[in-house]
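The values are calculated or read from the model by the stated rules, or taken from the named source; none is laboratory data. Please read all numbers here as calculations on a predicted model, not as lab measurements. Backbone-built Cβ (ideal geometry, glycine too); neighbour counts: all protein chains shown.
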Amino acid sequence: MQLRHPSIRLAMAAAALTLCGYSHAQTGPIKVGFMLPYTGTYASLGNMIENGFKLYVQEQGGKLAGREIQYFKVDDESEPSKATDNVNKLIKRDQVDVVVGTVHSGVALAMARAAKENNTLLIIPNAGADAITGPMCSKTVFRSSFSNWQPAYAMGEVAAKKGHKKAITLTWNYAAGNESVKGFAEGFEKGGGKVVQNLTLPFPNVEFQALLTQIASQKPDAVYSFFAGGGAVKFVKDYAAAGLNKTIPLYGPGFLTDGTLEGQGEAAQGMITTLHYADNLNNPRDKAFRLNFAKTYKANADVYAVQGYDAAQMLLAGLKAANGDIKKMNQVVAGMEKAEIDSPRGKFKLSAAHNPIQDIYTRQVKGKLNEYQGVAIKQLADPGRGCKM
Ligand code: BEZ
C-alpha cells in the first residue's frame, strides 16, 4: 500500500538528513588520497604528515562533516620524474575526492599542474615551492604549510640582526633548496649582510666533505643551509664532526633540526633556526595536540605532524561550507578560503594565493627540543608574486 505521495516521501528524507546535521546529496565515504614519501630521505616526514591528518579525523569521531573517510596511498619516493604518473593513480585510477601531498617541491609542482588540469582539490601539507602559491596558483590548490620563502627570509633578517656580514649558503640543488637560499639572501642583504657564495649538491646526495672543506678555507661569518629528514641528520653531524660548529654558526629554516634531534644529538645543540612551529609553544591548543599525538603514536609531534593535522582541519572547513558534499567544489573552496584554522602553531588564515599567513618563530635547540625563543616576524605573508586567480 502506498502510504504517501512520492514528493512528500522525498521531502521527509531530505528533512531527516538535515536533522542529522548535513544535507549532503552524496553518501558514502570521502576518498582521501595521500601522495607522500614513504621511502627515502623524506620518509619520516611523510609518515608524520599522514599521522597528523589521521589524528585530526580520529578526534572528530572518524568522520568529517558527517562523512566517513576512506584512505588511498601512493609512495612518491620524492621522485619528480614519476610524479605525474603517481598523482594520476590517485586522480584517475582511484578517483579520489581530494589529494593530500606532498613533501618534495619538485614532486609537488607536477601534482599542482595535474590538480589544476583535472579540477581536483589538492592540499599540500609540506612542499614549499614558491611558484605553487605564485604564478601557478589555482582555485583548487591549497597549502597547510609554508612557502620556501617564508622561514628563509625570516632567518636572513635574524642572522643580519646578529651582526653577521658574510655568509655562505649550502643546499640541495632543487626548487626547495634554491628558493630557500634565495629567501635567506633577500632578508640577510636587506639587513646589511652579503651572501658571498652558494654551494650545492644534487638531491638527495649526502657527500658533504668536499663542500665543508671549502667552507673551512673561506671562513665566512655564518653558513645557511636547507636540508631536511635523513639528509639533515647527516649534514648537521658532519658539520660538527668537521669542527665547524665551534667557529662558524650554522643557521637554517627549522627543517634542519625538526624531527631530527634524536639522530643529531650533541651536534645540533644550541643551533638557531626559524620556522612556523616550535616544540614548546605552550598554548593550550598545542599542548592538547602534542599530548594526543604522543598517546596515539608513542612519538613526539613535529612540524610535519602539525601540517598534516591542519590539512585535515582545512578540509573540514571546506566540507562544512558545502554541507558535506565535496563535489560542490565552489562551496568547498570558498569555505577553505574563509576559514581561520585553529592550529597548534597558532591560529592562521590563508592568503589570496592559498598559503598560510603565520608567525615565524626563532627557535634554539636544547636537548631534544626546538625551544621557542621569540617571534622573528609576526603574521608573515608570502608575497604570492605572479599569482592571478
Ligand atoms: C620541499 O621540498 O619543499 C621541502 C622538503 C622538506 C622540508 C621542507 C621543504
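General observations
- Close contacts from the stretch 201-223, counting a first residue that is of a type in the set (Asp, Glu) and a second that is part of a loop (DSSP other than H, G, I, E, B) and surrounded by 17 or more Cβ atoms within 10 Å (Cβ to Cβ), with Cβ to Cβ under 6 Å and a gap of 6+ residues or different chains, come to ASP221/HIS164.
- Selected residue [in contact with a helix residue (DSSP H, G or I) (Cβ under 7 Å, 6 or more places away or on another chain) and of a type outside the set (Ser, Thr, Tyr)] from PHE142, PHE146: PHE142
- Flag if ASP382 is within 20 Å of PHE53 (Cβ to Cβ) and among the acidic types (Asp, Glu): no
- Lone qualifier among LEU291, LEU319, LEU315 - being more than 19 Å from the chain's Cα centre (by Cα) and surrounded by 23 or more Cβ atoms within 10 Å (Cβ to Cβ): LEU319
- Counted residues, the stretch 57-67 - those being within 17 Å of TYR309 (Cα to Cα) and in contact (Cβ under 8 Å) with a residue 12 or more places away in the chain: 6
- Selection status of ASP310, touching a strand residue (DSSP E or B) at 6+ places or on another chain (Cβ under 8 Å) and crowded, with 16+ Cβ neighbours inside 10 Å: yes
- GLY367 of a type in the set (Gly, Ala, Ser) and under 18 Å from ASP302 (Cα atoms): yes
- Qualifying positions in the stretch 85-105 - in contact with an Asp or Glu (Cβ under 9 Å, 6 or more places away or on another chain) and either surrounded by fewer than 19 Cβ atoms within 10 Å (Cβ to Cβ) or not in a helix (DSSP H, G or I) (or both): VAL100, GLY101, THR102, VAL103, HIS104
- Within the stretch 119-143, being touching a Leu at 6+ places or on another chain (Cβ under 9 Å), farther than 21 Å from GLY386 by Cβ and part of a loop (DSSP other than H, G, I, E, B) holds for THR120, PRO125, ASN126.
- Residues of the stretch 230-276 satisfying the condition of being more than 16 Å from the ligand (Cβ to nearest atom) and among the basic types (Lys, Arg): LYS237, LYS246
- In the set (1) away from the ligand (no atom under 16 Å from the Cβ); (2) among the hydrophobic types (A, V, I, L, M, F, W, C); (3) in contact with a Pro (Cβ under 7 Å, 6 or more places away or on another chain); (4) touching a residue at least 60 places away in the same chain (Cβ under 8 Å), ILE168 fails one condition alone, (4).
- Here the stretch 246-269 is the region considered, the condition is being under 20 Å from VAL195 (Cβ atoms) and surrounded by fewer than 23 Cβ atoms within 10 Å (Cβ to Cβ), and the residue that is farthest from the chain's Cα centre (by Cα) is THR247.
- Among the residues of the stretch 172-186, those that are surrounded by fewer than 20 Cβ atoms within 10 Å (Cβ to Cβ) and charged (D, E, K, R) comprise LYS182, GLU186.
- Looking across the stretch 171-198, just one residue is touching a strand residue (DSSP E or B) at 6+ places or on another chain (Cβ under 6 Å), of a type in the set (A, V, I, L, M) and within 25 Å of SER81 (Cβ to Cβ), and that is VAL181.
- Where a residue in the stretch 326-353 is assigned by TED's automatic domain parsing to the domain that holds ASN118 and its partner, wherever it lies, is assigned to a helix (DSSP H, G or I) and among the hydroxyl-bearing types (Ser, Thr, Tyr), with Cβ under 8 Å and at least six apart: SER343/TYR309; PRO344/TYR309; SER351/THR133; ALA353/THR133
- Just one residue in the set LEU109, LEU121, LEU90 is near the ligand (Cβ under 10 Å from one of its atoms) and assigned by TED's automatic domain parsing to the domain that holds TYR38; that residue is LEU109.
- Qualifying residues in the stretch 42-56 (those that are part of a helix (DSSP H, G or I) and surrounded by 24 or more Cβ atoms within 10 Å (Cβ to Cβ)) - the one nearest to the ligand (Cβ to nearest atom): LEU45
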